[in-house]
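Just so it is clear, none of the values below were taken in a lab; they were calculated from the coordinates. Being a predicted model, the structure only gives us computed values, none of them experimental. Cβ placement follows ideal geometry from the backbone for every residue including glycine, while neighbour counts extend to all protein chains displayed.
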Amino acid sequence: MLSTKLFYSVGWFYEIAKGIIISVAILIVIFAILGTVFVVDGVSMEPNFHDKQYILVEKLSYLLNEPARGDNIVLRFPGDPDNKKYIKRIIGLPGETIEINDGKVYINGKVLSEFYIDKSVKTMPNMKMIILSDEYFVIGDNRPNSSDSRIWGTCPRKNIIGKTYIIFYPFKDFSVIPPVEY
């Protein structure tokens, strides 16, 4: 009788463990295809993202649609052989002319309304660039403290990993990241 009970308890434990392992394996595969986790390193996106925040980055939307202006993205740095990853905001789209003049950003001659940064923030230096097809002009929200397209050029489409979706750690910062609409 004891061996029968032991067999059933071990069998029950085995079935639960097997279910958990299979579920975790499926989640890992889905997560690898549809999303990833990114840890913010630095202050280049303040005040909207902070150092050491954990962000869920989803990849699916860019498999189905092109990146859009205002999207916060995680990208592989184009000039880094170690494939360092950055978080930046898409400002310029393929084929557009971007100009920075007197602290403001212009897209095809029209000033860009950037409500997600303080009005006192000035974008520098003055520059003008035509964005090639399949490339994006990306920039940090903390303009004085960001290494971005103003310094190292545009971001090729192939270097975009995905779009930020949820800040999930620290828990006090938990939030779904709203889309930007111009």
With a ≥ b ≥ c from the Cα gyration tensor eigenvalues, square-rooted, and the rule rounded for a/c under 1.5, otherwise prolate when a/b > b/c and oblate otherwise, the stretch 78-174 is oblate
dims of the chain, Cα set, principal axes, largest to smallest, nearest Å -> 86, 34, 31
Label model pair residue 14, residue 124: point-to-point distance (7 angstrom along the Cα→beta-carbon line) in nm is 7.0
Per DSSP, the loop-located GluC sites (Glu not before Pro) within the stretch 93-182 having at most 12 other beta carbons within 10 Å are 181
For the stretch 89-122 the trypsin sites (Lys or Arg not before Pro) that pass both the DSSP coil test and the at-most-14 other-Cβ-within-10 Å test are 119, 122
Long-range share for the stretch 20-123, i.e. C-alpha pairs more than 23 Å apart as a percent of all pairs, stands at 42
When 111, 121, 105 are arranged by how many other beta-carbons sit within 10 Å of their Cβ, fewest first, they go 111, 121, 105
Tilt, helix 2-34 to longest principal axis of the chain (alpha-carbon atoms), in degrees rounded to tens, equals 10
Place a point 7 Å from the Cα of residue 50 in the direction of its beta carbon; the residues of the stretch 154-176 whose amide N falls under 19 Å from it are 165-176
Computed from the beta carbon distance with a Förster radius of 41 Å, FRET efficiency for residue 21 and residue 151 to the nearest 0.05 stands at 0.35
Of the listed pairs 85/163; 18/59; 104/163; 84/122, those with alpha carbons more than 21 Å apart are 18/59; 104/163; 84/122
Taking 0.36 nm per residue of separation between residue 97 and residue 63 and subtracting their Cα-Cα distance, the length gained on full extension comes to 9.7 nm
